[in-house]
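Below is one structure, written out as structure tokens; the observations come after it.
The values are calculated or read from the model by the stated rules, or taken from the named source; none is laboratory data. The model shown is predicted, which means the values in this text are computed figures rather than measured ones. Cβ: placed from backbone, ideal geometry, glycine included. Neighbour counts: every protein chain shown.
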Amino acid sequence: MAAEIQTFYDVMRAQGTSRRSFLKFCSLTAAALGLEPIYASKIAHAMETKPRTPVLWMHGLECTCCSESFIRSGHPLAKDVILKMISLDYDDTLMAAAGTQAEVILDEIPKKYKGEYILAVEGNPPLNEDGMYCIVGGKPFVEKLRAVAADAKAVIAWGACASWGCVQAARPNPTQATPIDKVITDKPVIKIPGCPPIAEVMTGVISYMITFDRLPELDGRGRPLMFYGQRIHDKCYRRPHFDAGEFVESWDDLGAREGYCLYKMGCRGPTTYNACSTIRWNGGVSFPIQAGHGCIGCSEDNFWDNGPFYHRLSHVGAGFGVEATADEIGGLAASAVAAGVVAHAGLSAVKHLRKNRKDDHPSPNHKTDDGERL
């Protein structure tokens with residue numbers, strides 16, 4: 001049975017947290033969400049007055065990488081989210097209860113907190129053979145998912161598996177693994193794609209929903225704009241090399257050692273919407289491109305079928321320039337964006353080549369520093 005719901009502030013005070021530390025936490029939470037400092041006071045008020053929200057975290061077909069990512073969050077710490085901000089009443093990976101003692105919670109919480117709890121889903125349900133490819137607690141996962149979602153306030157789809165289908169739904173998809181929003185159609189579904197999502201993105205979304213009691217602003221595909229509003233390419237530290245036409249041509253060549261753009265090595269950064277290049281991973285230490293590997297686009301739909309990962313984006317389509325937004329692109333394949341990317345990269349390369357030629361062969365009218373013509 002779930003414990004009595006308390007406010008966030010009640011729990012912190014019971015643990016000996018000072019008022020100063022509490023306000024500092026609120027300021028850090030506002031910063032992590034990309035909000036102005038004035039919002040720290042609003043967060044403090046919400047934490048002092050609103051009860052901790054019950055959260056049920058279910059697992060379907062997945063590898064648990066989303067949970068592994070979540071528990072490594074640094075701002076806010078996952079332990080603060082789980083033990084103070086929310087009331088995590090069910091998570092078959094993190095909870096101590098097991099068997100019947102655990103499964104009964106999925107019946108009790110929806111009845112006791114009808115319309116007030118959040119359902120978080122990691123993984124997806126397979127629909128083939130009446131859902132028999134994923135059995136949890138003796139029942140097909142898809143049945144339990146529909147039952148628990150019926151009275152939820154909102155549903156969070158953790159990761160690429162829940163958001164798009166991921167590897168389970170890759171061709172030929174024998175189990176008919178299906179994204180959450182194709183099964184739950186009468187509730188708002190917030191998609192947090194990635195394989196896995198960034199830890200601070202996961203805790204940030206939870207923090208926002210608990211603090212402001214509303215959904216974050218979403219793009220046309222159901223992703224929070226605060227974290228998925230820009231492409232990795234837009235804030236990538238290698239972007240100047242892209243603009244200058246300086247690319248890695250083969251692994252471990254001079255360009256790779258100099259940190260040139262990985263676009264020609266298949267990097268999906270120009271077509272992938274995520275916060276990897278700004279928030280980064282492991283407490284802001286690094287992200288795949290910084291480690292020397294191109295983005296594989298794991299937060300985009302069908303990323304597993306959009307490979308091979310090391311093939312350059314070369315399909316030229318019509319319509320979208322290099323600065324297109326996620327909503328403008330909509331559900332089109334990543335190749336539709338590649339037209340603008342290829343054109344931009346080609347133009348940059350031509351400019352770079354011309355500059356090199358000009359430096360090697362100065363014009364007859366070029367003057368030296370002392371004013372003499374060459």
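Could we say that Cys261 is buried (at least 24 other Cβ atoms within 10 Å of the Cβ), hydrophobic (A, V, I, L, M, F, W, C), over 26 Å from Ser73 (Cα atoms) and not assigned by TED's automatic domain parsing to the domain that holds Asp219 here?
Criteria met by Cys261.
Can you name the residue in the range 310-326 that is in a loop (DSSP other than H, G, I, E, B) and in contact with a Lys or Arg (Cβ under 8 Å, 6 or more places away or on another chain) and is also modelled with the lowest pLDDT among such residues?
Result: Leu313.
Look at the range 169-189 and say how many of its residues are more than 11 Å from Asn128 (Cβ to Cβ), surrounded by 15 or more Cβ atoms within 10 Å (Cβ to Cβ) and touching a strand residue (DSSP E or B) at 6+ places or on another chain (Cβ under 7 Å).
Residues that pass the stated criteria total 7.
For the condition crowded, with 19+ Cβ neighbours inside 10 Å, in contact with a Pro (Cβ under 8 Å, 6 or more places away or on another chain) and either hydrophobic (A, V, I, L, M, F, W, C) or at pLDDT below 95 (or both), what is the one hit in Ile296, Ile279?
The conditions single out Ile296.
When only residues in the range 14-35 that are outside any helix (DSSP H, G or I) and at pLDDT below 80 count, which is nearest to His75 (Cα to Cα)?
Per the criteria, the residue is Leu33.
Suppose we keep only residues that are basic (Lys, Arg) and surrounded by 18 or more Cβ atoms within 10 Å (Cβ to Cβ) within the range 204-238. Which one would you say is farthest from Asp181 (Cα to Cα)?
Arg238
Tell me, yes or no, whether the range 85-96 has at least one residue that is crowded, with 21+ Cβ neighbours inside 10 Å and hydroxyl-bearing (Ser, Thr, Tyr).
Within the range 85-96, one or more residues are crowded, with 21+ Cβ neighbours inside 10 Å and hydroxyl-bearing (Ser, Thr, Tyr).
Which of (1) in contact with a Lys or Arg (Cβ under 7 Å, 6 or more places away or on another chain); (2) assigned to a helix (DSSP H, G or I); (3) small (Gly, Ala, Ser) does Ala162 not meet, given it meets every other one?
Here Ala162 clears every test but (1).
Any residue that is assigned by TED's automatic domain parsing to the domain that holds Leu127 and under 30 Å from Ser163 (Cβ atoms) - is there at least one of those in the range 13-23?
Taking every residue of the range 13-23 in turn, none turns out to be assigned by TED's automatic domain parsing to the domain that holds Leu127 and under 30 Å from Ser163 (Cβ atoms).
Just for the range 220-241: of the residues that are assigned to a loop (DSSP other than H, G, I, E, B), of a type outside the set (Phe, Trp, Tyr) and within 24 Å of Tyr263 (Cβ to Cβ), which one is farthest from the chain's Cα centre (by Cα)?
Once the filter is applied, the top-ranked residue is Arg238.
Does Ile192 meet the test of being within 11 Å of the chain's Cα centre (by Cα), under 30 Å from Asp130 (Cα atoms), in the same structural domain as Gly60 (by TED's automatic domain parsing) and of a type in the set (A, V, I, L, M)?
So Ile192 fits the description; yes.
Please work out which residue is farthest from Glu48 (Cα to Cα), limiting yourself to the range 6-33 and to residues that are among the β-branched types (Val, Ile, Thr) and touching a Lys or Arg at 6+ places or on another chain (Cβ under 7 Å).
Val11
Could you list all residues from the range 71-123 that are of a type in the set (Gly, Ala, Ser), part of a strand (DSSP E or B) and either within 21 Å of Pro188 (Cα to Cα) or outside the structural domain of Met58 (by TED's automatic domain parsing) (or both)?
Answer for the range 71-123, where residues must be of a type in the set (Gly, Ala, Ser), part of a strand (DSSP E or B) and either within 21 Å of Pro188 (Cα to Cα) or outside the structural domain of Met58 (by TED's automatic domain parsing) (or both): Ser87, Ala120.
Counting only residues that are crowded, with 16+ Cβ neighbours inside 10 Å and either touching a strand residue (DSSP E or B) at 6+ places or on another chain (Cβ under 6 Å) or within 25 Å of Ile210 (Cβ to Cβ) (or both), how many does the range 119-167 have?
Number satisfying all stated conditions: 28.
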